[in-house]
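This report refers to the structure that appears directly beneath it.
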Amino acid sequence: MSPRLSDRLAELTLQLVDCPSESRHEEPAIALAQALLFESGVATIDAHDTCLLAGTTTRGDRPLILLAGHLDTVPAQDNRPGRIEDGVVHGLGSCDMKGACAVMLELLRDGVHEEEDRACDLGVVLFGREELPFVDTTLTPLLARRPELREADLAVVMEPTSGAVQGGCLGNLNATWTFHGEAAHSARPWLGHNAIHRAAAGVARLSHVPISRHMFSGLEYAECVSVTRIAGGVADNVVPDRVDAHVNYRYPPGVEPEAAEAQLRAWCDVEHSSLTIVGHAPSGAVAVDGDLARALIARTGGDVAPKQAWTPVAEFGLAGVPALNFGPGDPRYAHKRDEQVSATALAASYETLAALVRTGA
């Protein structure tokens with residue numbers, strides 16, 4: 001008797017977890033994914049620049065569904081190798097998102113994409129460098145060099161969502177906020193201007209910007225801005241002449257990138273300071289109204305939630321592909337030392353997607 005689906009998915013997830021693939025070092029995981037597909041007779045369509053395509057990736061007579069996810073992980077925290085314990089896979093990347101990658105690979109290994117009476121075609125898009133700043137993405141260049149991907153009817157980005165469908169995603173804007181002063185001896189501070197004191201006043205002002213809620217396509221997103229890092233000073237007896245604060249601004253779908261940058265500049269328009277944009281990942285379109293999207297939402301209980309984070313849904317949206325977030329991982333465990341995903345969740349995700357491919361809208 002062949003192993004249960006949940007056991008197969010757990011073992012496959014563990015294989016991927018135990019294969020190191022921290023960002024910029026994804027090659028072993030790409031090679032492993034290729035090998036796993038090859039041993040099941042599934043051909044790889046494209047495999048370079050940390051990307052792998054398999055299954056059907058060109059639109060034919062049937063609607064085309066793409067499953068997408070990243071194989072890279074954040075740095076290890078003494079959580080590799082992984083383990084399976086009481087039906088749960090523990091280890092680096094298990095939740096975000098090697099469990100989801102295992103689901104994608106197993107769907108192809110089981111031949112779901114080749115079943116004669118399927119309603120939809122199925123392709124898999126794996127990529128790396130997702131855990132890095134947006135400027136390092138390999139997905140957007142892939143979508144540019146493979147125009148057939150842009151004809152897909154739906155992309156399912158399998159980020160952790162606890163098995164629910166989440167629409168769109170927030171924009172992610174990062175900036176360096178520099179406060180300028182004049183150095184002096186700390187025994188005679190009146191001879192200079194303390195950049196830390198100026199930074200304290202500016203950061204305090206920004207901290208009073210309220211979290212605001214925005215409705216978009218029936219979903220509520222929270223707009224928020226935070227100072228996440230601050231650095232300055234040269235010695236204990238020197239009044240500092242410069243302080244750099246890192247500002248992170250998350251904004252909702254429907255806001256143009258230029259408007260988001262203008263808003264952040266307005267909030268940070270403080271005397272003796274300057275703002276430099278260092279990274280910007282635009283928000284993602286909320287694609288919940290298409291036939292396939294509605295079918296997926298119905299299969300997961302009929303509810304859809306907002307994605308209160310940034311995901312590659314935005315990249316598919318910019319390429320003209322409707323995209324949703326749906327994956328087996330629980331967001332509470334993403335990037336944590338005790339990262340984990342349950343075999344039951346992996347199997348449920350597999351069955352939901354297999355049914356969507358088989359029956360369509």
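Computed quantities for the displayed model
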| quantity | calculated |
| --- | --- |
| On Cα atoms only, tilt of 99-109 relative to the major axis of the chain in degrees | 30 |
| Accessible area in square angstrom per residue, segment 243-361, 1.4 angstrom probe | 41 |
| Loop GluC sites (Glu not before Pro), segment 1-84 (other Cβ atoms within 10 Å of the site Cβ: 12 or fewer; DSSP) | E39 |
| Solvent accessible area, Å² - L275, 1.4 Å probe, full protein context | 30 |
| A47 versus E220: modelled label distance in nm, points set 7 Å from Cα along the beta carbon direction | 4.7 |
| Three-way shape label, segment 176-299, alpha-carbon gyration tensor, a/c 1.5 | prolate |
| Tensor-based shape of segment 141-240 (alpha-carbon gyration tensor, a/c under 1.5 rounded, otherwise prolate or oblate) | prolate |
| A259 versus H185: modelled label distance in nm, points set 7 Å from Cα along the beta carbon direction | 5.5 |
| Nearest-0.05 FRET efficiency for E39 and R337, computed from C-beta distance (R0 45 Å) | 0.85 |
| Contour minus Cα-Cα distance for E27 and I230 (0.36 nm per residue) | 69.6 nm |
| Kirkwood Rh, angstrom, segment 179-222 [1 / mean 1/r, Cα pairs] | 13.3 |
| Antiparallel bridge percentage (DSSP; both residues within the chain; nearest 5) | 75 |
| Spin-label pair V278/R213, simplified geometry with 7 Å Cα→Cβ offset, distance in nm | 3.3 |
| Cβ-derived FRET efficiency at R0 51 Å, A201 paired with T344, nearest 0.05 | 0.50 |
| Selected from A235, A33, A184 as most flexible by GNM, with the chain as the system and alpha-carbon contacts under 10 Å | A235 |
| Prolate/oblate/rounded label for segment 227-361 (Cα gyration tensor, a/c 1.5) | oblate |
| Theoretical gain in end-to-end length, N237 to R62 [0.36 nm per residue, Cα-Cα removed] | 55.9 nm |
| Fraction of accessible area attributable to carbon and sulfur, segment 279-361 (%, probe 1.4 Å) | 51 |
| Probe 1.4 Å, accessible area per residue of segment 61-117, Å² | 36 |
| Positive-end extreme of charge dipole, segment 134-264 - chosen from Q263, A175, W190 (charges on Cβ) | W190 |
| Kirkwood Rh (inverse of mean 1/r, distinct Cα pairs), segment 71-222, angstrom | 20.9 |
| Length added when fully stretched, D110-D291, from 0.36 nm per residue minus Cα-Cα | 62.6 nm |
| Net charge contributed by nearby residues that have their C-beta within less than 11 Å of P20 (K/R +1, D/E -1) | -4 |
| GNM flexibility winner over the chain from M215, M97, M158 (Cα, springs under 10 Å) | M215 |
| Whole-number D in µm² s⁻¹ for segment 1-154, Kirkwood Cα-pair radius fed into Stokes-Einstein, 10 °C, 1.306 mPa s | 100 |
| Euclidean distance of C-alpha centroids, segment 66-144 and segment 265-292, integer Å | 27 |
| Gaussian network model of the chain, springs between alpha carbon atoms under 10 Å - residue of G317, G91, G290 with greatest fluctuation | G290 |
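The values are calculated or read from the model by the stated rules, or taken from the named source; none is laboratory data. Quick caveat, the model's predicted, so the values are computed rather than measured. For neighbour counting, all protein chains shown are included, and Cβ atoms are generated from backbone atoms with ideal geometry for every residue, glycine included. Side chains are part of the model used for accessible areas, which takes the heavy atoms of the whole protein and leaves out ligands, DNA and RNA. Shrake-Rupley method; radii C 1.70, N 1.55, O 1.52, S 1.80 Å.
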